[in-house]
């Protein structure tokens, strides 16, 4: 591994209150002086003069259920719209789900690689939502338009700095709020801000119209599997709402893990197992070419920009596939020590741990990709089975619910193990029948991707308007 060096004086180093010995951080700091957008304006102010902390603890009431919003990509999209929530109540909620948010607040994820770093819920009823302490929560000063500030915090330029220069740690790492608030922008009059926001609003409207045409991939996949295999998704959703469960001692005694998990014994879980048993008597273990393998952890010393193998973590799985752009390379020594944890085309990776991540699936479709798959994931290699069909099946509501009810532990410390996964039901139909279903799903998902490209084009227009305004 080559030695990377940088030169800095003690006076310069002391300007950082945390005394970070971090080249990526100091190179940015001293080359830009926090003028992130290279603005030519002579009057610059820091974000700390615009944003102030506004944290209010959420008041959980007994016997009430609420909608928890963690920082994970599952819950929010690129425009900050809520896609999913985690049902929580006073007795059962992660400690970090703790803040109430108002319609005046701007939130920004503290995590590197957040899908949408900044959030603003102008017209949303937030009374039932409780947000993670992984968000920085701000109130915007009176001289600034909330949406104008929101657009600044969403720019690709700012996101690039958060993701590549001021984060701390490895993997799913975070940055400090103090660093964000040091960023400088021009002092712009409120009327000018209002004009810019008015110019952007029609573009926002167009984005909403395009998004309304999108069918979520999960829904596309579920619809096809429900039609082909009789998945009764309507009844399944009704059963999921039932909180009580019934269990006789005989059934309890036949549970090898003596599991007291309510979800495991709920009617919805039993219903899914019964439905799948009607379809197939086969299990995943009947189609694997080798035992399911767990991934490998990594330390900072194992990274090497001259390495040949990527470190493939779920943080680098975008749109359910691996993207190398934000991934790091590992040293030859590390790769040689972990040859049994490499990936090949058609391998399927499943996240085995982590709240909001467990059960996430990725299909390796790049024949030339060289990589070591991360700890907290497992690799499945199939034989005589269409890997894309398996990938779609693993993403169905039924299969994901099997993971949900079989996982062990609480909060971030939840796990699903190969010994459990290999016993899950596996649909057994001919390769020709599998391919027909794959072709149908893929054709519909390709149409959805075309709409997404149009949406991204509109987002770029907003980005251009903001950059021009503050440059």
Listed by range, helices (runs of 4 or more DSSP H) wholly within the stretch 359-471 having at least 3 residues that are over 29 Å from residue 268 (Cβ atoms) and modelled with pLDDT of 90 or more are 431-470
Looking for something over 20 Å from residue 111 (Cα atoms), assigned by TED's automatic domain parsing to the domain that holds residue 133, at pLDDT below 85 and loosely packed, with under 15 Cβ neighbours inside 10 Å - is there at least one such residue anywhere in the stretch 57-67? no
Can you pull out the residues in the stretch 68-80 that are modelled with pLDDT under 90 and over 12 Å from the mean Cα position of the chain (by Cα)? 79, 80
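Table: residues versus (1) surrounded by fewer than 17 Cβ atoms within 10 Å (Cβ to Cβ); (2) assigned to a loop (DSSP other than H, G, I, E, B); (3) more than 20 Å from the chain's Cα centre (by Cα); (4) modelled with pLDDT of 85 or more.
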site	(1), (2), (3), (4)
121	no, yes, no, yes
127	yes, yes, yes, yes
130	no, no, no, yes
136	no, no, no, yes
142	yes, yes, yes, yes
148	no, no, yes, yes
153	no, no, no, yes
159	no, no, no, no
172	no, yes, no, no
Being surrounded by fewer than 21 Cβ atoms within 10 Å (Cβ to Cβ) and over 28 Å from residue 228 (Cβ atoms) is the filter here; which residues of the stretch 358-373 pass it? 366, 367, 368, 369, 370
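Residues checked against (1) within 28 Å of residue 209 (Cβ to Cβ); (2) surrounded by fewer than 18 Cβ atoms within 10 Å (Cβ to Cβ):
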site: 72; (1), (2): yes, no
site: 77; (1), (2): yes, yes
site: 89; (1), (2): no, yes
site: 99; (1), (2): no, no
Can you pull out every residue in the stretch 332-348 that is surrounded by 14 or more Cβ atoms within 10 Å (Cβ to Cβ) and either over 24 Å from residue 301 (Cβ atoms) or not assigned by TED's automatic domain parsing to the domain that holds residue 322 (or both)? 346, 347, 348
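From the list 276, 239, which residue is surrounded by 15 or more Cβ atoms within 10 Å (Cβ to Cβ), closer than 14 Å to residue 405 by Cα, under 29 Å from the mean Cα position of the chain (by Cα) and at pLDDT 75 or above?
239
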Kindly provide the set of residues from the stretch 203-231 that are more than 25 Å from the chain's Cα centre (by Cα), surrounded by fewer than 16 Cβ atoms within 10 Å (Cβ to Cβ) and part of a loop (DSSP other than H, G, I, E, B), ordered by number. 230
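Taking the conditions exactly as written (within 25 Å of residue 290 (Cβ to Cβ), over 25 Å from the mean Cα position of the chain (by Cα) and surrounded by 21 or more Cβ atoms within 10 Å (Cβ to Cβ)), does residue 416 satisfy them or not?
Details: within 25 Å of residue 290 (Cβ to Cβ): yes; over 25 Å from the mean Cα position of the chain (by Cα): no; surrounded by 21 or more Cβ atoms within 10 Å (Cβ to Cβ): yes.
Spelling it out, it is not the case that residue 416 is within 25 Å of residue 290 (Cβ to Cβ), over 25 Å from the mean Cα position of the chain (by Cα) and surrounded by 21 or more Cβ atoms within 10 Å (Cβ to Cβ).
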I'd like the full set of residues that are at pLDDT 90 or above and closer than 16 Å to residue 152 by Cβ, limited to the stretch 93-117. 105, 106, 107, 108
Condition first: assigned to a strand (DSSP E or B) and in contact (Cβ under 8 Å) with a residue 40 or more places away in the chain. Now tell me which residues in the stretch 325-344 satisfy that. 330
Residue within the stretch 250-259 that is within 25 Å of residue 88 (Cα to Cα), at pLDDT 80 or above, in contact with a helix residue (DSSP H, G or I) (Cβ under 9 Å, 6 or more places away or on another chain) and surrounded by 14 or more Cβ atoms within 10 Å (Cβ to Cβ) present: no
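From 192, 182, 199, grab the single residue that is under 30 Å from residue 50 (Cβ atoms), modelled with pLDDT of 70 or more, in a loop (DSSP other than H, G, I, E, B) and more than 25 Å from the chain's Cα centre (by Cα).
Only one candidate passes the filter, namely 182.
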Residue pairs meeting the criteria (Cβ under 7 Å; at least 6 apart or on separate chains; first more than 11 Å from residue 351 (Cα to Cα) and not assigned by TED's automatic domain parsing to the domain that holds residue 353, in the stretch 411-422; second crowded, with 19+ Cβ neighbours inside 10 Å and modelled with pLDDT of 80 or more): none
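The values are calculated or read from the model by the stated rules, or taken from the named source; none is laboratory data. Computed from a predicted model, the values in this text were never measured in an experiment. Here the Cβ is made from the backbone with ideal geometry for all residues, glycine too, and neighbour counts use every protein chain on show.
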